[in-house]
Amino acid sequence: MNGRQEHYGERSDVGGTWHVSGALAARYVDGGVPDAEAWSVEKHVEGCGRCAARVSAAAREGSAAALLADVRTELLATALAEAGARPDVPDAETGRAPQRAPQPLRGARATTRILWAAGPAVRGSWLVGVVLVAVAALVLAHVAGLAAQTRPLLLALAPALPVIGVALSYGPRSDPLHEITVATGSGGLRLLLTRTVAVLVVSVPLLTAVGALLPSAAGVPGAAAWLLPALALTAATLALGSFTGCRPAAAVLGGAWLAAAFLPPLLYRSAGVTDRLSLSLSLSRYATEPAQQAGWAVAALLCAVLVAVRRSSFDHLERT
């Protein structure tokens, strides 16, 4: 077998029929093949039981093996529970079985489903990072006595944190079940918006509360000055992500905000201005005046409109 055949598949000795190789199956399961090859694999396994079994085995051995086992166990348990329940008796007049009321989610199963819908960011390293930023700000302000320096630093970092959370919530590199979820009715933009809301629900109250607990300082923006910039940057990430994918969009916009917040202080420092004042002056250029806040609100609205216009692009953009 030559290198080209190993890359694209293998051919049988009987009739030269193309089949999925073990290496191709592994790359397909991990999301490492382009759309054209993925579609070829999916079309082929519809009629080839041997290759379907090979891809299934690769999935059971891949990075999502533990999660697939949990899903299988839960599905089997649900099916067995329903099979053991009292069968529906058809109505004597209509001949139809009565409709069952949907069962509410309870306990650990409901929590698990909510967490998986919310996305990897709110159950992974991003959540830990946000909590650490909040705790570090409180410690620096109240224990280390650096209150004047801490508030502008928190306000400079806060708008970028939701952007990072969105990048880590959606896409094949973040979610081992991404290929499955985007193919469902709840995939695409609907899933991305669900996970974006989850990121904002976690980060906005936490960071706002921490900002309110920090001592105020003269010349430093208020605790809520970062909210509209954060909302606008998050919406802009979704809008730009409709063209480039969420991770590149988050890298560009988050990096641009951090550069705008932290590069001017380096110039101020060279001119002899104190670090706290220089960072406060940098933030005041972007987030403190009513006109600036209105500009962020308009930007967020325009980005939301663009996301709505580009909504169909999310159905296929993040599959490779």
* Asked: What about Gly49, is it within 23 Å of Asp175 (Cα to Cα) and not aromatic (Phe, Trp, Tyr)?
  -> no
* Asked: Quick one: how many residues across segment 254-272 are modelled with pLDDT under 65 and either among the small types (Gly, Ala, Ser) or surrounded by 16 or more Cβ atoms within 10 Å (Cβ to Cβ) (or both)?
  -> 4
* Examine segment 167-190 for a residue that is modelled with pLDDT of 65 or more, in contact with a Cys (Cβ under 6 Å, 6 or more places away or on another chain) and assigned to a helix (DSSP H, G or I), and state whether such a residue exists. => yes
* Structure fact -> Within segment 283-320, of all residues that are more than 18 Å from Leu227 (Cβ to Cβ) and at pLDDT below 75, the one surrounded by the fewest Cβ atoms within 10 Å (Cβ to Cβ) is His316
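The values are calculated or read from the model by the stated rules, or taken from the named source; none is laboratory data. Note that the coordinates shown come from a computational prediction; the quantities given were computed from them, not determined experimentally. Here the Cβ is made from the backbone with ideal geometry for all residues, glycine too, and neighbour counts use every protein chain on show.
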